[in-house]
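Here the structure is laid out as structure tokens; the discussion comes afterwards.
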Amino acid sequence: MLDADFFRRWMTATAASVDREAERLTALDSPIGDADHGSNLQRGFHAVAAVLEKEAPATPGAVLVLAGRQLISTVGGASGPLYGTLLRRTGKALGDDAEVSEGQFADAFRTGVDAVMALGGAAPGDKTMIDALVPAVDALGDGFGAARAAAEEGALATTPLQARKGRASYLGERSIGHQDPGATSSSLLVAALAEANGE
Ligand code: ADP
Ligand code: MG
């Protein structure tokens, strides 16, 4: 079973991973964006780690709802409201249980990813974070390690795609040949799940 502490570890592991990879995320956001993805997420997940330490929510749902709200209020770019919605809606779907099963989490995370698609209007293949998140959700039934591998593969597979959503879509065909920064950060988020689980 997964408790509030597991979800706090997930968020702090994500913050650490975003710190390590910030330059790379920003470099990916240079040719097909505005070179702020690394700094956007660093600011957001630092704020998430800080508020979780201060408020220490007691349930998995409350951890993710608070984290999501914090991302929405601290990240200016498109990715803030999208990641904020992902975590907030996943948290809401987990309800008030003190502990949740991996199966409950997989269902809740799917609800969160669906909410991101509804908010941003992106579908798989549009070269966005959805291209890492949907494969991850589909693989979660086989465990966090499987989800991590699926997300990494999904992020790599965005390179040959033409962007149809977000800033990169303004480039049309010139967006082809670059890995999507948001899909890359989503693979870090999913990898941090496995890390929080000691995998
Ligand atoms: P901005 O584009 O405002 O500078 P970021 O650089 O922080 O924001 O994030 C860019 C990433 O956000 C993209 O690489 C893409 O994965 C994701 N993204 C942008 N628009 C959408 C959307 N409509 N749906 C899903 N993801 C999106
Ligand atoms: Mg950007």
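General observations
- Excluding ligands, DNA and RNA, the accessible surface per residue across the range 2-196 is 41 Å² with a 1.4 Å probe.
- For the range 69-107 and the range 136-176, distance of Cα centres in Å: 19 Å
- MET1 accessible area, assembled protein chains, probe 1.4 Å, Å²: 150 Å²
- Here the gap between HIS46 and ARG20, fully extended at 0.36 nm per residue and compared with their Cα-Cα distance, gives a gain of 8.1 nm.
- In the context of the full protein assembly, PHE45 retains an accessible surface of approximately 10 Å², using a probe radius of 1.4 Å and ignoring ligands and nucleic acids.
- For the range 74-149: rounded, prolate or oblate by the Cα gyration tensor [a/c cutoff 1.5]: oblate
- Modelled spin labels at GLU199 and LEU171, positioned 7 Å past Cα toward Cβ, are 3.2 nm from each other.
- Candidate residues HIS46, HIS37, HIS178: accessible-area rank, largest first, probe 1.4 Å: HIS46, HIS178, HIS37
- Translational diffusion of the chain, µm² s⁻¹ [Kirkwood Rh, Cα pairs; Stokes-Einstein; 10 °C; 1.306 mPa s]: 98 µm²/s
- Amide N of the range 50-68 lying under 15 Å from the label point, which is placed 7 angstrom from the Cα of ALA118 along Cα→Cβ: none
- Sequence of ILE32, ILE176 from largest to smallest accessible area, 1.4 Å probe: ILE176, ILE32
- Carbon-plus-sulfur accessible fraction, the chain (probe radius 1.4 Å, protein heavy atoms only): 50%.
- Excluding same-chain neighbours fewer than eight residues apart, the lysines reachable from LYS54 by a Cα-Cα span under 22 Å are LYS92.
- Each label point was placed 7 Å from the Cα along the Cα-to-Cβ direction; for GLU55 and THR111 their separation is 1.8 nm.
- With K and R counted +1 and D and E -1, the other residues having a Cβ less than 14 Å from that of ARG110 yield a net charge of -2.
The values are calculated or read from the model by the stated rules, or taken from the named source; none is laboratory data. Bear in mind the structure is a predicted one, so any value in this text is a computation, not a measurement. Methodologically, a virtual Cβ is constructed for each residue, glycine included, from the backbone with ideal geometry; neighbour enumeration extends over all protein chains shown. Ligands, DNA and RNA are stripped out before the accessible areas are found, and what is left, the full protein with its side chains, is counted by its heavy atoms. Shrake-Rupley method; radii C 1.70, N 1.55, O 1.52, S 1.80 Å.
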